[in-house]
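The values are calculated or read from the model by the stated rules, or taken from the named source; none is laboratory data. All of these numbers come straight from a predicted model, not from anything done at the bench. Cβ sites come from the backbone with ideal geometry, for glycine too, and all protein chains shown count toward neighbours. SASA here: full protein model, heavy atoms, side chains in, ligands and nucleic acids out. Shrake-Rupley method; radii C 1.70, N 1.55, O 1.52, S 1.80 Å.
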Amino acid sequence: MNGTQRRRKLLDMMRQASAPLSGGALGRETGVSRQVVVQDIALLRTMGYPILSTARGYVLNEAKHPSRLFKVCHTNEQTEDELVTIVDLGGTVADVMVNHRVYGKMSAPPP
């Protein structure tokens, strides 16, 4: 695992954690020393990630954005109106799924 992959894993671990993660625990999980984790955290902070250091470990201080899944059945004309309404009201469309009778479920997540 290279440094970029390791830092990505550190971010994923902190996002999923319900409590602070110690540098030692992060190091054991990624196969590096605690000091390498400290350096990775410093690099992540310079990249703009809001990582807090506490007495119990590191916490990623990102705002949690609620998400909603809407299942609807409408015509092609209504689809555009629905998507425009979501965006106009400040929402974002994370994925568009279609349950087709012949092709099954099709999805168009963002790149």
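Using a probe of 1.4 Å on the protein chains alone, the accessible area found for L21 is around 40 Å².
Estimated from helices alone, the mean residue ellipticity of the chain at 222 nm is -13500 deg cm²/dmol (sum of -39500 (n - 2.57) over DSSP H runs with n ≥ 4, per residue).
Stretched out straight at 0.36 nm per residue, the stretch from T92 to M106 would grow longer than its current Cα-Cα span by 3.1 nm. Take 46-59, 74-87, 94-107, 25-38 and order them by the average number of nearby Cβ atoms within 10 Å per residue, most first; the result is 25-38, 46-59, 74-87, 94-107.
Based on Cα contacts under 8 Å between residues 6+ apart, the chain shows a relative contact order of 17 percent. Shown for the chain: the carbon plus sulfur share of the solvent-accessible area, taken with all protein chains present and a 1.4 angstrom probe, equals 53%. Net charge of the neighbourhood of G48, taken over other residues with C-beta under 14 Å away and scored Lys/Arg +1, Asp/Glu -1, is +1.
Near G27, once Lys and Arg are set to +1 and Asp and Glu to -1 for all other residues with Cβ below 12 Å from its Cβ, the sum equals +2.
For the chain, the solvent-accessible area with a 1.4 angstrom probe is 79 square angstrom per residue.
In whole angstrom, note down how far apart the Cα centers of the stretch 1-18 and the stretch 29-79 are. Cα centroid to Cα centroid, the span is 9 Å.
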